[in-house]
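A.B. asks: Encoded as structure tokens, here's the structure I'll be asking about.
Each value in this text was obtained by applying a stated rule to the coordinates, not by laboratory testing. As the structure is a computational prediction, the values presented were derived from the model and not from experiment. Cβ sites come from the backbone with ideal geometry, for glycine too, and all protein chains shown count toward neighbours.
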Amino acid sequence: MTNSIIPPFSLSLPRYVALANAIEDAISTGQLAPGQQLPTHRDLAASMGVTVGTITRGYGEAQKRGLINSTVGRGTFVTIDSQASRLPKIPKQDGNIIEMGSVTPLYSTDPPIQDGLKQLLEDAQVQQTLQYCDAVGHEHDRKSGAKWLELYGMHVTENAVIICAGAQHALTCILTALLHPGDSIAVEHLTYPGFKTLAGMLGMRLVPIAMNDEGMDPHALDAVCKKDTIRAIFVMPGHQNPTTSCMSQRRRNEIVRVAQKHDLLIIEDCAYDLSASSHFTPLAAIAPDQTVLIAGVSKYFGAGLRTSYLTACPELRNKLGRAVRNTIWMASPITARLASMFINDGSALSSLINKKEETRLRNKLAQEFLQDFEIDSLADGFFMWLKLPEPWTGSQLEMAARERNVSIFCADKFAVGSDPLPRAARISLTGPEDSNELQEGLTIIRELLSSPPMQQALL
Ligand SMILES: Cc1ncc(COP(=O)(O)O)c(C=O)c1O
């Protein structure tokens, strides 16, 4: 960054805010490119005639906004995804966007809500669901949560379960209760965007860790922990979003070993784990005292229930319960009770089986349509990770697909840090209404990739 991009400081704004604003403006006008290095604090302070402290606060503010990222020993860089949300919006051509970006959970296979509501009305305890309850939820619902958790290989009693209002709320409780603003959390260098934005909002720094086909690389994690003060790791071992990687038992043991060595809190998000073909012992079962595990129900039987089950050891549970109380007082007992009914009468399991059947068919279809390209996927996965042929980049494909009314998400959206982006995109298989719509979307993607991006633009 040349210092000339910093505008004269407005007297009405604190200097550090003016600096963060200037960085934001320079990124949006393209003066600063993703991955570009920024001057050191000392150099910038000297050339602007301000204190090093002002630059540190300004860079801190820019980092909170997700614009830049600092790596110990390397310097400060514009984040690689800084322009991901700034891709120009292409107006819908005929109002029919094929949704292959968002991973919606095949609503048509959700359990019938009427059946759940009928059962709820017949429940002798139904009136109780209108009342305040313990922050961690009713015992009956926590028991049902413990039953659902068995599917993930977690064998716990209801005492270990906290009911949250969806996995995103559980993550909010974990970060606010167990970490502090300014703390650093290690994540795979491609990760769940909802975690990126949440950590940014809470002023926490994400430190990207190299990954391979089994997710986070334990040696890379160890090396980073030796140089930097890392408090926690966030991983999705069963079905990583977005790359679909799945950690073997060996990888899980290694990750736990490094986490134990550096005393890291492990945040284990199992959002899509029931779609994984192989089931290994969860990190939370290997290291129960330092792992919090989240099993949401959104992807398998009702995102609108806003229910998830969070497990933690007794020492962390009180803090997490307080976080539930401080954020929403308690998860809605009515929807938690509906979730319990679906779990206990078997309709949650049938919904899961139906979704797996449908996703298996959709995966086969996508494999067929995209057989000429490199794909990472799981047999029952909700999405696949498409590696693009040269010279396509993810953002080029995202834009070209949007022009043809297909929405996909390129790697930029998931990237953390400043390393070069993989040429890849996440393709949701569950967003399209049915297999015809999916075929239409896949055909467009295949057509686009069959010639280089420049030629596409000229067509
Ligand atoms: C990895 C991951 N975790 C958590 C969530 C949030 O899920 P919920 O709907 O339960 O809040 C999502 C949603 O897509 C996700 O992909």
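A.B. asks: Subtract the Cα-Cα distance of GLU139 and ASP213 from 0.36 nm times their separation in residues, and report this length gain in nm to one decimal. Could you put the intermediate results ahead of the total?
C.D. replies: Values: separation 74, 0.36 × 74 = 26.64 nm, distance 3.95 nm.
Length gained, GLU139 through ASP213: 22.7 nm.
A.B. asks: Along Cα→Cβ, 7 Å out, is where each label goes; now give me the distance between the ones at ASP376 and ASP263 in nm to one decimal.
C.D. replies: A separation of 3.3 nm, rounded to one decimal place.
A.B. asks: Taking only the alpha-carbon atoms of the chain, what semi-axes of the equivalent ellipsoid follow from 5 times the gyration tensor eigenvalues under a square root, in whole Å, largest first?
C.D. replies: Working: eigenvalues 270, 178, 86 Å².
Sorted largest first and rounded, they come to 37, 30, 21 Å.
A.B. asks: Normalising by the residue count of the chain, find the relative contact order in percent from Cα pairs under 8 Å and 6+ residues apart.
C.D. replies: Working: 863 pairs, mean separation 93.9, N = 459.
Here the relative contact order equals 20 percent.
A.B. asks: Relative to the present Cα-Cα distance, how much length would full extension add between GLU315 and SER277 at 0.36 nm per residue of separation? Write down the numbers at each step before the final one.
C.D. replies: Values: separation 38, 0.36 × 38 = 13.68 nm, distance 3.30 nm.
Full extension from GLU315 to SER277 adds 10.4 nm.
A.B. asks: Any idea how far apart SER108 and ASN159 come out in nm if each label point goes 7 Å out from Cα toward Cβ?
C.D. replies: So the label points at SER108 and ASN159 sit 4.7 nm apart.
A.B. asks: Say a paramagnetic label sat at a point 7 Å from the Cα of LEU361, along Cα to Cβ; which residues of the range 98-115 have their backbone N under 13 Å from it?
C.D. replies: Answer for this model: 108-109.
A.B. asks: Under a plain spin-label model, where a point goes 7 Å from the Cα along Cα-to-Cβ, how far apart in nm are SER350 and TYR132?
C.D. replies: Output for this residue pair reads 3.9 nm.
A.B. asks: Another question, if that's okay. For GLU390 and ARG65 in one chain, what is 0.36 nm times their gap in residues minus the Cα-Cα distance, to one decimal in nm? Don't jump to the answer; show the numbers that get you there.
C.D. replies: Working: separation 325, 0.36 × 325 = 117.00 nm, distance 3.20 nm.
That pair, GLU390 and ARG65, stretches by 113.8 nm at full extension.
A.B. asks: Residues with beta-carbon under 15 Å from that of LYS143, excluding LYS143: net charge, scoring Lys, Arg +1 and Asp, Glu -1?
C.D. replies: Details: positive: ARG142, LYS147, ARG337; negative: ASP123, ASP134, GLU139, ASP141, GLU150, GLU158, ASP345.
The answer is -4.
A.B. asks: Here is a further query. At R0 = 51 Å, how high is the FRET efficiency between ASP289 and SER451 if r is their beta carbon distance? Nearest 0.05 is fine. Please report the intermediate quantities before stating the final value.
C.D. replies: Details: r = 55 Å, r/R0 = 1.08.
The calculated FRET efficiency here is 0.40.
A.B. asks: Determine the relative contact order of the range 3-79: mean sequence separation of Cα pairs under 8 Å and six or more apart, normalised by residue count, in whole percent.
C.D. replies: Value for the range 3-79: 35 percent.
A.B. asks: Same structure again: Once you list every other residue whose beta carbon is under 10 Å from the beta carbon of ALA160, what net charge do they have if Lys and Arg are +1 and Asp and Glu are -1?
C.D. replies: On the way: positive: ARG142, ARG317; negative: GLU158.
That works out to +1.
A.B. asks: How much FRET efficiency would the formula 1/(1 + (r/R0)^6) give for ALA223 and GLU440, where r is the Cβ-Cβ distance and R0 is 51 Å, rounded to 0.05? Write down the numbers at each step before the final one.
C.D. replies: On the way: r = 45 Å, r/R0 = 0.89.
Once rounded, the FRET efficiency stands at 0.65.
A.B. asks: Under 16 Å Cα to Cα from LYS147, which aspartates and glutamates show up? Leave out anything in the same chain fewer than 8 places away.
C.D. replies: Within the straight-line cut-off, LYS147 pairs with GLU139, GLU158, ASP273, ASP345.
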